[in-house]
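Just below is one structure, and these are the notes that go with it.
Every number in this text was worked out from the coordinates using simple rules, so none of it is lab data. What you are looking at is a predicted structure, and each value in this text was computed from that prediction instead of being measured. When we count neighbours, we look across all protein chains shown, and the Cβ atoms used for this are built from the backbone with ideal geometry, even at glycine.
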Amino acid sequence: MLSVAGLTRRFGEQLALDDVSFDVVPGRMTGFVGANGAGKTTAMRIILGVLAATAGEVCWNDRPLTQDVRRDFGYMPEERGLYPKMKIRDQLVFFGRLHGLEPLRAAERTDKLLERLGLAERATDVLETLSLGNQQRVQIAAALVHEPSALVLDEPFSGLDPLAVDAMVDLLREEVTPEVPVLFSSHQLDLVERLCDDLVVLSRGKVVAAGPVAELAAGPTMTYRLVVDGDAGWLRDVEGIRVRDVAGGTALFDVEDAAVEQSVLEQAVGRGRVLEFGPERVALSDVFREATR
Amino acid sequence: MNDRTLDRPWVLIAEREISTKLRDKTFIGSTAVMLLLVLVAVIVPALLAGSGGPDKIAVVDDAGAKIVQQARHDDGFEAVRTADRASASALVAEGEVKAALLPGDDGYVVLGKDRVDSGLEGALREAAATLGMETNAARAGLSPSELHAGTSVKLELLKPGPLPDIVADFVNIGLALVFYMTALGFGMMIAQSVVQEKESRVVEILAAAVPIRSLLWGKVLGNTALALGQIVVIAGASMVGLAATDQLAILSVIAPVAGWFVVFFVLGFVALAGLWAVAGSLATRQEDLGSTTLPGQMILMIPFFFSVFAGSSAKTVASFVPIASSMAMPGRMLTEKVPVWQPLLAIAILLAATVLIIRLGARLYERTLLQTGRRLSYREALRA
C-alpha cells in the first residue's frame, strides 16, 4: 500500500500542501481530484521523489519509501516528456532498463505494448513524427513497460478523444494487477466516477474528502426518490423522513430513521401504482462542489 | 515480480548518450572533417617539402659548376650548364632553374627571377667565397687546410629541445588546439543534451527512476568516452600519416608524450564536463545556453591562449594550474626536457581539482535540474 502522511510543502510564502494524508490501496484505482492549483501535481511529484517535502513522508507498506522501491514505480508526469528524436522502440527499451529490467525482458515488454497499442509498425519511427495522440500512447507505455509496482498518473487522459480514453482504460485494466495501487489525477469527473474505486479530493492544499466513491456519492444521509401515479403529498405526514421536494407524483426525501424507506414503499404500493423508487445518487460533481466550497 | 537487475544506472545513461551520438550525422560529419584537416596538416607539408629534389642552378662555366657542387644545402644543388648569360637568364625567367650563378666584375652574381631563397643565396655565397679564398691562398703559398685552420664553428645548445623550434611550436599549438576544440565541442554537446532533457521534460521521468547523480555521471562518462575515442582516432591517423611520409623524427618525439597527453586530456575533460552539465541544467531553453556556458568557454579559452602564446616561465606556471595544465604540460614536454616529477605533480593537482569540481558540479546539478521555470544564475544555484 502506498500512503502519504502529513505531507506539507511550502514554496516561499505559499503553502502548496498542508498536512495531506491519504492511502492508495493495491488493486484499487484512486482518483485524485481538485481544482487547478489545488496541489495534486505537487503531491505526485513528492511521491515520485522529484520534489522534496517540507514535512511529512511517503510510505510503502508502512515503511518510508526508498529510491530502490521507487525505481519500480510507473510515472506519467503532467508535462509529458520523452526523447523527441529517439525511436520509440529504443526509447521504451531504454526506460524499461532504466527501471531495472533485463535487456531481453525490456525488449519483450516493449514489443508487447507496442503491439497492444497498435504502434508495432511505427516501432522504428522517431517519437516527434507521431501524432499527439500516439505520443500519449507511447508515454503511457513508458510508464507501464517495466510492470510497475505502483502507478502514479498525472492527468493521463487529458487531450484524448473518448475512444482513445476507452482504449487507454482497457489497457490499464489489463496491465494493472491486483497488487498494484494506482493513483491518477483528473479534471474529468465523469471519468473519475466511472473508473475509480476511491477518491481523494484536494482543495487549496488540503484533503477535503476521501473514501470509496460509492460512499462519497451517497452522502451522509440517504436520499430516496419516489414517483407514483397520482399525488405524493401524503409523504409530508410520514414520520422518520424529511421531504426535500414534492411536485405532483414525484418526490425526494431523506431517510432519518433506519429502514423507514421500506415502510414508505409499502404505503406507496398500498395507495396506487409505483412508477419508480430507489436511492438518489448524487453526481460526483456535486460532491466535488460541496467539498471544495 | 521481474528479474530486477541492480545494474548501475549511469552505465545505461552513458550507453544511451554514446549510441545517440554515434547515429548523429552532425557528430559523424564533424569528426570526419577534423580527421581530414589533421591529415592534411600532417601530410601536405611533407609532400611539398619532398617534391623538389636538388635545386637546379644554371651556370656558364666549369668554375661556376664547381661552386654549385661545393655548396651545401638541404638536398644539394644540381648544376645546369648553359651556353651563355642569355640562355641562363632565359632558364631563370622560365622557372626551369631556381637561380643562375654568373661570373661578375669581382666574383659572382646570383641571378634570380623575382626573389631568391636566402638559404640558397647564402650557400652559394659561402661556397664561392671558400673556393675563391682557397684559390687566392694557393697563390700565396697556403694549403686549404692551413687556410681554414681555427675557423670552424660548431653549434652547441645548453638546453637542447627534442624538436626543431618551428616544428615543436607547431605540434604544441596542434595539441592545445585538439584539447580546446574537443573540450569545447563536447562541452556544448553535453550542455545541449541536458537542456534538451529539460525542455522535453523527460528529465522528470529520469529523475523519478534513478538518482540525479547517476544521470550526471552517465552523461560525463559517456561523453568522455566519445571524446577520447575521437582523439584516439585522430591521433592514430596523424601518427600513421607521419610514419607514411617518413617524418620519423617528429613521430619519435610525439609518441612518448601521447600517453601523458591522454591522461591530462581525460582528467581535464571530466572536470570540464561536470561544469558543462551544470551550464545545461541552469538553462531552461537552448537560447539560455549562450549565457550559461560563458564561464565554461572562458575557462577553456584563457588557458588555451596562455599555453600557446605565453613566455616560457608563464607556461611553466600554467602547466601546473588545473585545466590549463591539460594543454600546457604536454606542450612543454614536447619543446623542452621536463623532469618526470613535474607532469606527475601536475596530474595530482589536476586530479584533486577534478574531484572537487565534479562534486560541486553534482551538487549544483541536483539543485537545478528539475527547475524548469526559468533560467538560473550560478549565484542562485550556489546559494539555493
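Oblate is the label for the stretch A:1-41, because a/c, from the alpha-carbon gyration tensor with a ≥ b ≥ c as root eigenvalues, is 1.5 or above and a/b does not exceed b/c.
Take every DSSP beta bridge whose two residues both sit in chain B; close to 40 percent of them are antiparallel.
With a ≥ b ≥ c the root eigenvalues of the C-alpha gyration tensor of the protein assembly as shown, is it rounded (a/c under 1.5), prolate (a/b larger than b/c) or oblate?
Because a/c hits 1.5 or more and a/b exceeds b/c, the protein assembly as shown counts as prolate.
From the Cα gyration tensor of the stretch A:1-153, with a ≥ b ≥ c the square roots of its eigenvalues, which class applies: rounded if a/c is under 1.5, or else prolate if a/b is larger than b/c, or else oblate? In terms of gyration-tensor shape, prolate. For chain A, the longest principal axis of the Cα atoms and the long axis of helix A:88-98 meet at an angle of about 90 degrees.
Once you compute Rg and the Kirkwood Rh from C-alpha atoms, what is the Rg to Rh ratio for chain B?
On the way: Rg = 30.3 Å, Rh = 25.4 Å.
We get a ratio of 1.19 for chain B.
One Cα centroid belongs to the stretch A:105-119, the other to the stretch B:277-355; the line between them spans 48 Å.
When each of the peptides A:181-187, B:12-18 is scored by the mean number of other C-beta atoms lying within 10 Å of its residues, the order from highest to lowest reads A:181-187, B:12-18.
Kirkwood analysis of the Cα pair distances in the stretch B:242-369 returns a hydrodynamic radius of 16.0 Å.
Determine the gain in length on full extension of the stretch B:V11-B:R85; use 0.36 nm per residue of separation and subtract their C-alpha separation, reporting nm with one decimal. Kindly include the intermediate steps, with their values, before the conclusion.
Numbers: separation 74, 0.36 × 74 = 26.64 nm, distance 7.81 nm.
Full extension from B:V11 to B:R85 adds 18.8 nm.
Can you pull out the GluC sites (Glu not before Pro) in the stretch B:97-171 whose DSSP state is coil and whose Cβ has at most 11 other Cβ atoms within 10 Å? Sparse-neighbourhood loop GluC sites (Glu not before Pro): B:E156. Estimated from the Cβ-Cβ distance and a Förster radius of 45 angstrom, the FRET efficiency linking A:W234 and A:D170 is about 0.40.
Ordering B:S281, B:S214 by the number of other Cβ atoms within 10 Å of each residue's own Cβ, fewest first, gives B:S214, B:S281. If you take the beta carbon distance between B:Q297 and B:D105 as r and set R0 to 45 Å, what does 1/(1 + (r/R0)^6) give as a FRET efficiency, to the nearest 0.05? Calculated transfer efficiency: 0.10.
Inter-chain Cβ neighbour count for A:73-82, averaged per residue, equals 5 (cutoff 10 Å, partner chain atoms only). Taking Cα atoms only, the orientation of helix B:25-50 departs from the longest principal axis of chain B by about 10 degrees. Distances between placed amide hydrogens fall under 5 Å for A:L17 paired with A:R9, all partners being 5 or more residues away or on another chain. Between B:E380 and B:A137, the contour length at 0.36 nm per residue exceeds the alpha carbon distance by 78.9 nm. For the protein assembly as shown, the Cβ-based charge dipole about the Cα centre amounts to some 1600 debye (Lys, Arg positive; Asp, Glu negative; other atoms uncharged).
Please report the net charge: other residues with Cβ closer than 11 Å to the Cβ of A:G205, K and R +1, D and E -1.
Counting the neighbours of A:G205, the net charge comes to +3.
Taking GluC sites (Glu not before Pro) across the stretch A:1-93, the ones in a DSSP loop with at most 10 further Cβ atoms lying within 10 angstrom of their Cβ are A:E13. Exceedance of the 29 Å cut-off in Cα-Cα distance is limited, within the set A:K112/A:K206; B:K154/B:K337; A:K85/B:K219; B:K66/B:K98, to A:K112/A:K206.
Looking at the stretch B:55-157, what % of its DSSP beta bridges pair antiparallel, to the nearest 5?
Working: 5 of 13 bridges.
Antiparallel bridges make up about 40 percent of those DSSP assigns within the stretch B:55-157.
Here the peptides B:235-245, B:265-275 are ranked by packing, the mean other Cβ count within 10 Å, and the order with the highest first is B:265-275, B:235-245.
With Kirkwood's inverse mean 1/r over C-alpha pairs for Rh, give me the Rg to Rh ratio of the stretch A:160-211, two decimals please.
1.00
All alpha carbon pair distances within the stretch B:140-269 were sorted into 10 Å bins beginning at 0; the resulting P(r) in whole percents reads 9, 27, 20, 15, 12, 7, 4, 3, 2, 1, 0. Among A:T124, A:T250, A:T66, the largest mean-square fluctuation in a Gaussian network model of chain A (Cα springs under 10 Å) belongs to A:T250. When you filter the trypsin sites (Lys or Arg not before Pro) in the stretch A:100-162 for DSSP loop state and at most 14 other Cβ atoms inside 10 Å of their Cβ, nothing is left. DSSP beta bridges confined to the protein assembly as shown are antiparallel in about 65 percent of cases. Fewest-first ordering of B:W260, B:W217, A:W234, B:W341 by other beta carbons within 10 Å of each residue's beta carbon gives B:W341, A:W234, B:W260, B:W217.
If we count other beta carbons within 10 Å of each Cβ, what is the order of A:E215, A:E102, A:E261, fewest first? If you can, show how the numbers build up before the last one.
On the way: A:E215 12, A:E102 15, A:E261 20.
Least to most surrounded, the residues fall as A:E215, A:E102, A:E261.
Specify the residue with the greatest mean-square fluctuation among A:L117, A:L265, A:L82, computed from a Gaussian network of chain A linking alpha-carbon atoms under 10 Å apart. Checking each option, the largest mean-square fluctuation is seen for A:L265.
Shown is the FRET efficiency for B:K66 and B:D246, computed with R0 = 30 Å from the Cβ-Cβ distance and rounded to the nearest 0.05: 0.40.
Net charge in the neighbourhood of A:V255 (other residues with Cβ under 10 Å of its Cβ; Lys, Arg +1, Asp, Glu -1) is -3.
Applied to the stretch B:76-87, the Karplus parametrisation 6.51 cos²θ - 1.76 cosθ + 1.60 on θ = phi - 60° returns per-residue 3J(HN,Hα) values of x, 10, 10, 7, 10, 6, 10, 5, 8, 3, 4, 6 Hz, with x for Gly and Pro. Rounded to whole numbers, the Karplus 3J(HN,Hα) couplings from phi for the stretch B:250-256 are 5, 4, 5, 8, 6, 3, x Hz, using 6.51 cos²θ - 1.76 cosθ + 1.60 with θ = phi - 60°, and x at Gly and Pro. Among B:F320, B:F179, B:F309, the largest mean-square fluctuation in a Gaussian network model of chain B, built with springs joining Cα atoms closer than 10 Å, belongs to B:F309. Database remark: amide H of A:V207 closer than 5 angstrom to the amide H of A:S21 (H placed geometrically; neighbours at sequence offset of 5 or more, or on other chains; Pro and chain starts carry no H).
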